[in-house]
Amino acid sequence: MRAAAVLALVAGLLLAPATAQAEQQRADGFAGLNALGVDGTTGGAAGETVTVDNLADLERYATAAEPYVIKVRGSITMEPYGREIEVASDKSIVGDGAGAELVHGGFFLNGVHNVIIRNLTIRDTYVPGDWDGKSKDHDGVQMDGAHHVWIDHNHFTRTGDGLLDIRKDSDYVTVSWNVFSDHNKAVGVGWTPNVVTKVTFHHNWIRGTHQRNASIDNTEAAHWYNNYVQDTAMYGTMIRGGGRLVVENSYYQGVPDPIVAKDPASQVVQRGNVLRDSPGRSDSAGTAFDPSAYYAYTLDPAERVPGLVTRGAGPLGAKAGGGADSSGADAGRGADSSGADAGRGAGRITVALDGTGDFASIQAAVGAAPRGAVITVQPGVYREMPRVWAGRRDLTIRGATGDPEDVVIAYDLSAGAAKFYGGTWGTAQSATLAVLADGVTVRDLTIQNATDETVNPGPAPAVRTAGDRAALDGARLLGNGGVLQLDGRRAYLRDCYVEGDVDLVRGQGTTVLDGCTVRSLGPGNVLAGGTVLVNGGRLEGEVAKSVSLGGSGAAVVRDAWLGAHVKDDPWTGEGGFAEYRNTGPGAAVTADRPQLTDRQATRHTVKRYLAGWRP
């Protein structure tokens with residue numbers, strides 16, 4: 001067979017699933033069942049087909065009493081910001097080709113039935129600074145008491161609260177082949193004590209989100225199969241209340257607590273799932289239900305799910321070979337091949353709270369950033385918990401003015417704070433900024449864990465690193481205990497200011513503090529764990545003779561100024577410790593303070609500790 005014929009055959013095999021999905025006009029799963037007087041979900045198939053390219057026409061047909069198939073062409077901006085069109089029954093709202101999207105708004109399905117929303121991007125109703133979504137309820141799609149709804153092949157990103165909320169006894173719902181990305185709250189189901197809702201989720205891609213992945217409350221039957229959940233910060237798929245959940249052949253990658261049964265009455269049956277780099281809870285409880293008693297379905301092998309979903313999820317036809325839409329920031333990328341908007345400079349992205357930037361949240365910018373991008377953050381206080389996911393390599397996040405006090409990233413979650421579903425958050429999940437990728441630089445920012453330690457004592461990390469080659473340059477890092485949790489292979493801090501209580505620098509890897517000021521606000525160790533070189537800079541404190549330099553790991557403090565807060569015998573524990581040419585009222589050469597010789601000091605340099613990396 002000729003090479004051209006082979007390539008054509010391979011292309012046909014790859015595109016066949018997407019073609020079949022495009023031709024599917026009737027919902028599968030629970031939305032396809034005959035119930036409540038509706039024989040499956042067909043949307044507006046019984047009515048006229050119309051094409052709209054503006055808000056007035058979209059609203060006119062979406063709210064009409066008659067059935068319609070409404071084809072959305074191009075980008076429609078909703079006004080006012082956050083507006084939700086109340087969709088009437090018997091409607092299909094379908095994107096017509098690449099670039100079909102709703103910007104700055106979404107849809108509300110209030111007590112209606114037989115609705116299809118398909119092939120659209122719904123994006124950008126985020127309220128700047130409102131990370132928790134408490135000021136405005138700008139969901140991408142919200143449904144209250146609706147039934148027979150099919151949400152298929154859409155991309156939801158950066159909305160004002162939840163990306164998709166299935167609420168208040170909505171029933172017979174199928175959510176298939178969607179992308180949910182770069183946001184705090186992904187998908188929620190519930191909001192009443194009634195155990196009613198029946199919902200199918202299959203072949204969805206949830207990525208770069210924090211919570212509700214999904215959060216499913218009081219469902220009679222929730223069937224979750226062949227979904228790909230990737231890079232989440234807080235938890236994965238959760239069943240709550242008296243709900244019943246079956247999780248099958250799904251793939252979890254980089255997801256803490258991937259499957260959780262929250263309450264004593266919650267039931268979850270799981271089988272055939274893959275959990276990769278997904279520590280914590282993976283619960284099984286009760287017998288839940290048998291999905292095949294409701295409808296027939298075919299499972300794809302869990303190992304194939306990432307490939308199938310990244311190629312097929314999101315608006316169809318948006319970009320050859322791939323899921324997410326080609327509009328907005330994500331440009332149809334797979335896990336490691338994102339591209340920013342064509343209108344943005346090559347890898348240059350701006351974040352601003354006043355609407356003048358490309359994005360209003362740092363997390364959204366990280367999700368959009370191609371490898372090697374520079375994210376510039378304009379002045380303001382950003383209350384959020386950004387995660388630089390493992391696939392977002394070689395990024396730079398920098399303050400716009402060069403003064404770290406002008407740009408503040410702050411949140412207030414401590415390691416010892418209780419999770420609402422049991423246990424504590426720990427250092428990995430409570431950090432204000434977590435750098436999970438390799439080669440990330442953070443420059444000229446303040447990063448603060450603002451936890452009130454009188455309420456939640458214990459570690460409250462401002463920054464946690466897990467990737468290699470994490471560099472912080474001219475940054476201010478503020479917190480209580482454990483301000484810096486450095487768990488990656490190598491981290492380098494230059495000209496930084498670090499302020500906290502105890503164990504200010506903790507971790508497992510190799511860390512260099514080069515010309516940094518470290519200020520201790522209370523008694524205890526400055527350094528705890530890992531291999532640390534303090535090269536120059538200042539160690540300051542408030543209480544005389546109250547601070548030890550280190551108690552575990554291996555540490556060298558050289559050419560630094562030590563304040564009077566440093567104890568006369570500052571090294572505790574069994575670690576390997578030494579000093580060299582320190583000055584200041586806390587410096588001394590005694591039997592309790594091992595000193596490097598000049599020859600030994602040549603082996604304890606920034607270059608040696610960074611082992612070939614030159615930040």
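The values are calculated or read from the model by the stated rules, or taken from the named source; none is laboratory data. Bear in mind that the values here come from a model prediction, so they are computed numbers and not experimental data. Cβ coordinates were reconstructed from backbone atoms using ideal geometry, including for glycine residues, and neighbour counts include every protein chain displayed. Side chains are part of the model used for accessible areas, which takes the heavy atoms of the whole protein and leaves out ligands, DNA and RNA. Shrake-Rupley method; radii C 1.70, N 1.55, O 1.52, S 1.80 Å.
Proximity of backbone amide H atoms, modeled 1.01 Å from N, is registered between Val69 and Gly47, Glu48, Thr49, Val50, Ser92 at under 5 Å, excluding neighbours fewer than 5 places apart on the same chain.
Here's the list of aspartates and glutamates a cross-link from Lys262 could span, going by alpha-carbon distance under 13 Å and ignoring same-chain residues fewer than 8 apart: Asp217, Asp283. Using only alpha carbon pairs under 8 Å that are at least six residues apart, calculate the relative contact order of the chain and give it in whole percent. Result for the chain is 6 percent. Projected onto their three principal axes, the Cα atoms of segment 105-200 cover extents of 35, 30, 18 Å, largest first. Distant-in-sequence amide contacts of Gly584, defined by a placed amide H-H separation under 5 Å and a gap of 5 or more residues or a different chain, comprise Leu562.
In this simple spin-label model, placing a label point 7 Å from the Cα along the Cα-to-Cβ direction at both Glu542 and Thr51 gives a separation of 6.8 nm. For Glu79, the solvent-accessible surface with a 1.4 Å probe is about 120 Å², rounded to the nearest 10. Of Trp571, Trp205, the residue with the largest accessible area leads and the full order is Trp571, Trp205 (1.4 Å probe). Modelled spin labels at Arg608 and Asp592, positioned 7 Å past Cα toward Cβ, are 2.7 nm from each other.
The sum of -39500 (n - 2.57) across all DSSP H runs of n ≥ 4, divided by the residue count of the chain, sets its helix-only mean residue ellipticity at 222 nm to -2500 deg cm²/dmol.
Please state the shape class of segment 400-444: rounded when a/c is under 1.5, otherwise prolate if a/b exceeds b/c and oblate if not, all from the C-alpha gyration tensor. It is oblate, given that a/c is not under 1.5 and a/b is not larger than b/c. Per residue, segment 511-615 exposes 45 Å² of accessible surface when a 1.4 Å probe is rolled over the protein heavy atoms with every protein chain present. Taken over segment 455-523, the percentage of Cα pairs per 10 Å bin, counting from 0 up to the bin with the maximum distance, is 24, 56, 19, 1.
Expressed as a whole percent, the accessible area of the chain that falls on carbon and sulfur atoms is 49 (1.4 Å probe). Computed from these coordinates, which is log10 I(q)/I(0) by the Debye sum over Cα atoms at q = 0.05, 0.09, 0.11, 0.13 Å⁻¹: (1) -0.21, -0.67, -1.00, -1.37; (2) -0.27, -0.87, -1.18, -1.37; (3) -0.25, -0.73, -1.00, -1.27? Identified label for the calculated read-out: (3).
Listed by number, the DSSP H helices of the chain that run 15 Å or longer by alpha-carbon position along their axis and have mean Kyte hydropathy of at least 0.0 are 3-23.
Excluding ligands, DNA and RNA, the accessible surface per residue across segment 70-146 is 32 Å² with a 1.4 Å probe.
Measuring from label point to label point, each 7 Å out along Cα→Cβ, what is the Thr454 to Ser284 span in nm? So the label points at Thr454 and Ser284 sit 4.8 nm apart.
At the residue level, Asp290 shows approximately 80 square angstrom of accessible surface with a 1.4 angstrom probe and all protein chains present. The stretch between Asn110 and Arg26 holds 28.1 nm of extra length on full extension. This uses 0.36 nm per residue minus the Cα-Cα distance. Subtracting the Cα-Cα distance of Gln600 and Thr77 from 0.36 nm times their residue separation leaves 181.7 nm of extension gain. By the rule of a C-alpha distance below 23 Å, with chain neighbours fewer than 8 residues away ignored, no lysines are paired with Lys607. For Thr511, Thr424, the ranking by accessible surface with the largest value first comes to Thr424, Thr511, using a 1.4 Å probe. Below 15 angstrom from the Cβ of Asp217, what's the summed charge of the other residues (Lys, Arg +1; Asp, Glu -1)? Surrounding charge for Asp217 is +2. You can think of it this way: the chain between Tyr295 and Leu353 has 16.2 nm of extra reach, that is 0.36 nm per residue less the Cα-Cα gap.
A protection proxy built from the mean count of other Cβ atoms within 10 Å ranks the segments 259-271, 126-138, most packed first, as 259-271, 126-138. Taking amide hydrogens as placed 1.01 Å from N in the peptide plane, the amide H of Thr350 sits under 5 Å from those of Asp358, Phe359, Thr376, each at least 5 positions away in sequence or on another chain.
Considering all alpha-carbon pairs of segment 25-82, what whole percent are spaced by more than 16 angstrom? Counting every Cα pair in segment 25-82, those more than 16 Å apart make up 55 percent.
Couplings 3J(HN,Hα) for segment 601-615, derived from phi with the Karplus relation 6.51 cos²θ - 1.76 cosθ + 1.60 (θ = phi - 60°), are 4, 5, 8, 10, 10, 4, 4, 5, 5, 7, 6, x, 8, 10, x Hz, where x marks Gly and Pro.
In straight-distance terms, cross-link reach from Lys567 covers every one of the lysines whose alpha-carbon lies under 18 Å from its own, apart from those fewer than eight places away in the same chain; here that gives Lys545.
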